[in-house]
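Peer 1: Let me give you the structure first, and then I'll get to my questions.
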Amino acid sequence: MPTIIRKSSSALAETRREILHAVSWQVRSNIWSPPTDVYESEEDFVARVEIAGMREEDFEVTVENDMLMISGYRPDLPERRAYHQMEIRFGKFVIGIGLPGPVNVDNARAEYKDGFLTVVLPKAKKSEMKVES
């Protein structure tokens, strides 16, 4: 099962900069984003990523403040070939998802099964929310 970790603000900021640089500046980049669904139930926020051909240890899942970051690397096949159609992406991917509410990261879980990575983030209960002074 992929591990969900909290990341320092500086590491998360660097990842955000990479995404913004690739998207906002329209710079040609090898970083891509696989199809992703984000939804919520009464108790959880759920992100489901369609990403076949990987292993659990190929993913990094982090949560910092109100942002869920999912990244990884899907290697290409080593043999040479001449494509007639090419739609399957390979290489590094990054997904940044703004969470619509506070979550309980300690009880979060992730599972990779049948080509889908599913990250479940339980909604934080009022008693679990940090009070800032």
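Peer 1: So, by mean Cβ neighbours within 10 angstrom, what's the order for 38-44, 79-85 with the highest one leading?
Peer 2: Highest mean packing first, the order is 38-44, 79-85.
Peer 1: Find how much the distance from residue 124 to residue 3 grows on full extension, using 0.36 nm per residue of separation minus their present alpha carbon separation; answer in nm with one decimal.
Peer 2: Full extension from residue 124 to residue 3 adds 41.7 nm.
Peer 1: If you add up the charges near residue 34, with Lys and Arg at +1 and Asp and Glu at -1, over every other residue whose beta carbon is less than 13 angstrom from its beta carbon, what do you get?
Peer 2: 0
Peer 1: Gain in length, residue 85 to residue 104, computed as 0.36 nm per residue apart minus the alpha-carbon separation, to one decimal in nm?
Peer 2: That pair, residue 85 and residue 104, stretches by 2.5 nm at full extension.
Peer 1: Please work out the C-alpha center-to-center distance from the range 26-69 to the range 90-119 and express it in whole Å.
Peer 2: If we compute the Cα centre of each part, the gap is 5 Å.
Readers should treat all values here as calculations from the given coordinates under stated rules, not as data from a laboratory. Just so you know, these numbers come straight off a predicted model, no measurement behind them. Every residue, glycine among them, receives a Cβ derived from its backbone with ideal geometry; neighbour counts consider all protein chains shown.
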